[in-house]
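Written out below as structure tokens is the structure these notes cover.
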Amino acid sequence: GLNQIQEKYILLLQEDYLLIKKVDNNKIQGCIDIMQKEDPAYLRIFPCPGPDKKYKEYKDIGLIGKESKYCISTQATIWNKEILKKFLVPTENVWNLEEKGAKRAYDIEKDFLGIVRQKHSKAELGSYPYTYCCTAVYRGKWMREAVKLCIKENIPLNFIYRNSETRFDEFYRKYYQLFPRYLQHLLDFIKIRQ
């Protein structure tokens, strides 16, 4: 598919990125301008996760370290198409790309850039070029937040092939890592019995 695209840059998005705010085309163009000026491998346009370090004189753009856990991610990103083509392995799926791809990050000589996370309250979303629910599906189920958003926007969902999370699923996803190990075992047991 990438071979059929003639442009130098592509916007990589997953099918379950549900928009929460209107896309800011001026900011997208600003990101493309930075891509043209700085010639990085990619520029992540939503801080999920955000960059690790400052990058040159930019206040809204940072450098993502190649040692970072998600230095290669499938979050919304503008990629240099030729670098992405060289980086992809046909036998890898999206999850493999993030996990195994991070190990190949050092093979790419160009910088990895990303939008800096803005400081704001939980109720605010910040002002990013592309603001979205970072995933609508988790472990094969529609996330409750995504279902609520689709209901609000009158977007029909088909629950025949994919169920919605239960309240317990949502609790497990959000808080599991916060519990001590012995309580995690209890939560695992409850989840298996569900």
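The values are calculated or read from the model by the stated rules, or taken from the named source; none is laboratory data. Note that the structure is predicted; figures quoted are calculated from it, not measured. Here Cβ is always computed from backbone atoms with ideal geometry, including for glycine, and neighbour counts include all displayed protein chains. Heads up: the accessible areas ignore ligands, DNA and RNA and are worked out on the full protein's heavy atoms, side chains in. Shrake-Rupley method; radii C 1.70, N 1.55, O 1.52, S 1.80 Å.
Points worth noting:
- Being over 14 Å from Phe112 (Cα atoms), aliphatic (A, V, I, L, M) and open to solvent by less than 40 Å² (accessible area, probe 1.4 Å) is true of Ile10.
- Residue in segment 162-175 that is open to solvent by 80 Å² or more (accessible area, probe 1.4 Å) and among the hydroxyl-bearing types (Ser, Thr, Tyr) present: yes
- The residue list Leu186, Leu157, Leu149 contains one member that is within 23 Å of the chain's Cα centre (by Cα), surrounded by 10 or more Cβ atoms within 10 Å (Cβ to Cβ) and assigned to a helix (DSSP H, G or I), which is Leu149.
- Matching entry among Lys174, Lys119 (being over 30 Å from Glu7 (Cβ atoms), within 20 Å of the chain's Cα centre (by Cα) and part of a loop (DSSP other than H, G, I, E, B)): Lys119
- Flag for Ile72 being under 19 Å from Asn96 (Cβ atoms), open to solvent by less than 20 Å² (accessible area, probe 1.4 Å) and β-branched (Val, Ile, Thr): yes
- Of all residues in segment 90-139 being at pLDDT 85 or above, among the charged types (D, E, K, R) and closer than 30 Å to Glu153 by Cα, the one that is surrounded by the most Cβ atoms within 10 Å (Cβ to Cβ): Arg117
- No other residue among Tyr58, Tyr17 is aromatic (Phe, Trp, Tyr) and surrounded by 16 or more Cβ atoms within 10 Å (Cβ to Cβ) apart from Tyr17.
- Test: Asp52 is within 16 Å of the chain's Cα centre (by Cα), open to solvent by 30 Å² or more (accessible area, probe 1.4 Å) and either within 10 Å of Gly114 (Cβ to Cβ) or of a type in the set (Asp, Glu) (or both): yes
- Considering (1) closer than 21 Å to Ile20 by Cβ; (2) without any contact (Cβ under 8 Å) to a residue 12 or more places away in the chain, the lone condition that Phe171 does not fulfil carries the number (1).
- Of the candidates Ile32, Ile5, the single residue that is open to solvent by 30 Å² or more (accessible area, probe 1.4 Å) and at pLDDT 95 or above is Ile32.
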